[in-house]
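Working notes for the structure below.
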Amino acid sequence: MHDPKQISGEMQMFNRIIGTAFVLGAIALASCRTADYAADQLNDAEADVTAGRYTLALGKMNYYVTQQTPYGERARKTINSNEKLKATIPRYYKELLNSAYSIARLSEVGRQIPAMAQFGLIGKDAETELLRYADQYALESYRNGRYKVDLSHDISLYPSLQSPEIGSEIFLASLEKAKGDSAPDPYLVKSIFSVVANEGKNSPKSKLVLQSLPEMRISKAQMQEVVAPLFPEQARKILADRSVSVRLFVSPEDRLLYEDLSSKLRDISPNISLVSGSEQATVSIFVKKLQWEERQAPSMVQPVMYAQHEVDLLSAVLLMPKNATYIYDVSTGGVQINYAFEVKAAMKNEKPFDDLIRNKIVREWKICSNARIQNVFGGVQPASFVANSHMQQMCNGGSSAVSVDQLRDAAISEVVKTIRKIPVIDKAASIR
């Protein structure tokens with residue numbers, strides 16, 4: 001009987017040789033294609049410049065013009081060598097601004113404008129005019145509803161969106177979004193509380209945030225880092241309301257099961273803690289093991305042999321002695337667990353929870369290993385290549401040997417999924 005770990009290691013060794021070669025080849029090919037694409041784009045752009053197709057040329061060079069790379073230098077040299085092309089830039093950027101489908105895309109284009117001025121591709125007057133145009137376009141798009149804007153967007157380029165009236169509208173929209181999202185954007189939350197910090201704790205916006213705070217599903221970490229410095233009492237109360245203390249009972253008594261369940265319960269959410277002794281608990285959970293049967297199929301090793309004419313031609317000619325045989329071992333096995341658990345919970349002001357879990361988990365595994373070449377005289381040498389497509393199919397997707405412990409962990413995870421359905425646990429778990 002072969003050692004599965006030794007078998008797996010040997011097969012992985014020659015698979016890694018082939019895999020590494022493939023990956024390195026793919027990386028080299030991708031690098032060549034990237035370089036070729038950039039060169040082709042710039043070659044096409046220069047041909048467009050010669051033909052007087054300036055807008056088309058700028059479209060092909062736009063990605064490169066503000067880069068500190070040889071491609072960027074080449075694109076800028078092409079622009080600076082043709083005044084008509086250079087004069088087309090302001091009109092081209094207005095077209096880009098007009099086609100921006102969101103405030104984020106508009107800002108992406110807008111940030112290129114100062115960079116173009118920095119490289120001397122547009123003058124100061126053109127830069128000022130384009131930024132003014134971007135600001136006007138952002139304002140119009142916001143007012144006609146084309147753009148949805150909130151504090152998660154960078155609006156630093158647009159003075160018109162920072163006026164008191166529009167700034168208040170954007171703040172209210174941001175607050176509504178933070179209240180409606182199950183997991184608000186951390187940057188959005190931080191921006192909302194930055195506004196409150198700037199305007200003061202007694203401002204109208206501050207009062208609106210305080211009213212909305214219980215509805216905002218802000219994570220525990222953000223509650224501590226962003227909210228607590230401004231509203232310590234409110235943050236403390238909300239965190240206390242979210243916190244759930246659990247007293248866990250396991251029967252029949254099983255220390256390992258208790259520890260595994262406890263660990264996975266804590267991982268559900270930082271709002272969940274386990275208590276012991278005389279401490280008060282929000283919920284008492286009772287897990288009763290009704291069935292646990294482990295079955296492990298005996299491991300089997302079966303050799304697979306290919307005559308030389310069955311091996312891929314090139315490998316057979318270069319890597320095998322005449323009339324040799326290619327041999328490798330296929331090891332198989334399997335594990336099964338049948339289990340059943342009863343999960344009950346008791347808590348104040350809530351209906352008792354009662355659920356039954358009954359399932360089985362089956363895992364089979366297969367390992368190809370010990371690839372070797374045996375010559376006609378009985379001598380054996382290791383084989384570092386895959387024999388043919390049949391072997392490739394046989395061994396692809398092979399897995400390492402599966403242990404009962406791995407299935408045990410999967411079964412316990414299913415128990416924890418059921419525990420998560422308990423209303424107070426589910427509420428705590430919904431906010432990280």
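The values are calculated or read from the model by the stated rules, or taken from the named source; none is laboratory data. All of these numbers come straight from a predicted model, not from anything done at the bench. A quick note on method: Cβ atoms are made from the backbone with ideal geometry, for glycine too, and the neighbour counts reach across all protein chains shown. Calculation scope for accessible area: heavy atoms of the full protein, side chains included, ligands and nucleic acids excluded. Shrake-Rupley method; radii C 1.70, N 1.55, O 1.52, S 1.80 Å.
Descriptive notes on the structure:
- Matching residues, segment 364-388, being under 15 Å from V330 (Cα atoms) and assigned to a strand (DSSP E or B): E364, W365, K366, I367, C368, S369, N370, A371, R372
- Unmet requirement for N338, which otherwise passes all of (1) surrounded by fewer than 16 Cβ atoms within 10 Å (Cβ to Cβ); (2) over 23 Å from A383 (Cβ atoms); (3) of a type outside the set (F, W, Y); (4) modelled with pLDDT under 95: (4)
- Residue within segment 305-321 that is more than 20 Å from F377 (Cα to Cα) and aromatic (F, W, Y) present: no
- S102 touching an Asp or Glu at 6+ places or on another chain (Cβ under 7 Å) and within 30 Å of Y142 (Cα to Cα): no
- The set of residues from segment 270-293 being touching a residue at least 12 places away in the same chain (Cβ under 8 Å), assigned to a loop (DSSP other than H, G, I, E, B) and not hydrophobic (A, V, I, L, M, F, W, C) comprises P270, N271, S276, E279, Q280, T282.
- Single condition A346 does not satisfy, out of (1) small (G, A, S); (2) open to solvent by 10 Å² or more (accessible area, probe 1.4 Å); (3) over 28 Å from R247 (Cα atoms): (3)
- Subset of segment 177-199 [over 20 Å from R236 (Cα atoms) and open to solvent by less than 60 Å² (accessible area, probe 1.4 Å)]: D181, L188, S191, V195
- Sole residue being modelled with pLDDT of 95 or more and small (G, A, S), chosen from A307, A316, A297: A307
- Filter result for S212 (in contact with a helix residue (DSSP H, G or I) (Cβ under 6 Å, 6 or more places away or on another chain) and either open to solvent by less than 30 Å² (accessible area, probe 1.4 Å) or hydroxyl-bearing (S, T, Y) (or both)): yes
- Put simply, of K177, K148 the only residue that is over 30 Å from E73 (Cβ atoms), not aliphatic (A, V, I, L, M) and not in a loop (DSSP other than H, G, I, E, B) is K177.
- Complete set of residues in segment 376-397 that are among the polar types (S, T, N, Q) and closer than 15 Å to E310 by Cα: N388, S389, Q392, Q393
- Only a single criterion out of (1) open to solvent by 80 Å² or more (accessible area, probe 1.4 Å); (2) within 17 Å of V415 (Cα to Cα); (3) part of a helix (DSSP H, G or I) is not satisfied by L257, namely (1).
- Residue in segment 369-383 that is closer than 30 Å to K322 by Cα, out of contact with any Pro (no Cβ under 6 Å at 6 or more places or on another chain), in contact (Cβ under 8 Å) with a residue 24 or more places away in the chain and among the hydroxyl-bearing types (S, T, Y) present: yes
- Filter result for V335 (farther than 30 Å from R242 by Cβ, of a type in the set (A, V, I, L, M), touching a Pro at 6+ places or on another chain (Cβ under 9 Å) and assigned to a strand (DSSP E or B)): no
- Residue check, K205 of a type in the set (D, E, K, R), open to solvent by 70 Å² or more (accessible area, probe 1.4 Å) and farther than 30 Å from N98 by Cα: no
- Among the candidates V424, V386, V376, residue that is open to solvent by 40 Å² or more (accessible area, probe 1.4 Å) and over 26 Å from the mean Cα position of the chain (by Cα): V376
- Residue check: Q296 meets all listed conditions (1) assigned to a strand (DSSP E or B); (2) farther than 30 Å from F249 by Cβ; (3) open to solvent by less than 30 Å² (accessible area, probe 1.4 Å); (4) in contact (Cβ under 8 Å) with a residue 40 or more places away in the chain but one, namely (3).
- Scanning segment 221-242 for residues that are surrounded by fewer than 18 Cβ atoms within 10 Å (Cβ to Cβ) and either of a type in the set (D, E, K, R) or in contact with a Pro (Cβ under 6 Å, 6 or more places away or on another chain) (or both) turns up E225, E233, R236, K237, D241.
- Across segment 299-328, the number of residues qualifying as open to solvent by 80 Å² or more (accessible area, probe 1.4 Å), within 13 Å of I373 (Cβ to Cβ) and assigned to a strand (DSSP E or B) comes to 1.
- Residues within segment 113-128 that are surrounded by 16 or more Cβ atoms within 10 Å (Cβ to Cβ), assigned to a helix (DSSP H, G or I) and not β-branched (V, I, T), tallied: 4
- Single residue of segment 389-407 satisfying the filter (open to solvent by less than 40 Å² (accessible area, probe 1.4 Å) and under 27 Å from P321 (Cβ atoms)) that is modelled with the lowest pLDDT: C395
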